[in-house]
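**Student:** Before we start, here is the structure in question, set down as structure tokens.
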């Protein structure tokens with residue numbers, strides 16, 4: 001499987017000008033469901049069938065800590081799939 005370019009860019013530059021749409025695109029690609037609060041809150045929550053969850057503030061730019069967490073979570077899930 002060829003390496004995901006968006007994942008590689010996020011891994012190499014977590015301080016980039018990432019938008020919530022980038023996070024959603026990458027999350028959907030790796031099988032996450034995305035939920036937004038019904039009351040109009042400022043976070044989205046990513047849910048994976050493995051039980052993994054990540055809450056990300058939808059402010060722009062997305063802070064590097066959330067990009068790093070998403071990348072690490074995806075890499076961990078990929079490792080689990082290849083075992």
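**Student:** What is the Cα centroid distance between the stretch 59-75 and the stretch 1-42, reported in whole angstrom?
**Tutor:** Using only Cα atoms to place each centre, the spacing works out to 8 Å.
**Student:** Continuing with the same structure: Looking only at 28, 38, 11, which one moves most when the chain is put into a Gaussian network model with springs between Cα atoms under 10 Å?
**Tutor:** Answer for the Gaussian network model of the chain: 38.
**Student:** For log10 I(q)/I(0) by the Debye sum over Cα atoms at q = 0.11, 0.14, 0.24 Å⁻¹, which listed value, (1) -0.33, -0.50, -1.10; (2) -0.27, -0.44, -1.27; (3) -0.37, -0.57, -1.13, comes from the coordinates shown?
**Tutor:** It is the one labelled (2).
**Student:** Hey, what did the chain get for relative contact order, percent, Cα under 8 Å, at least 6 apart?
**Tutor:** Details: 87 pairs, mean separation 25.4, N = 83.
After rounding, I find 31 percent.
Bear in mind that the values in this text are calculations on the coordinates, not laboratory data. Since the structure is predicted, the reported quantities are computational estimates derived from the model, not experimental observations.
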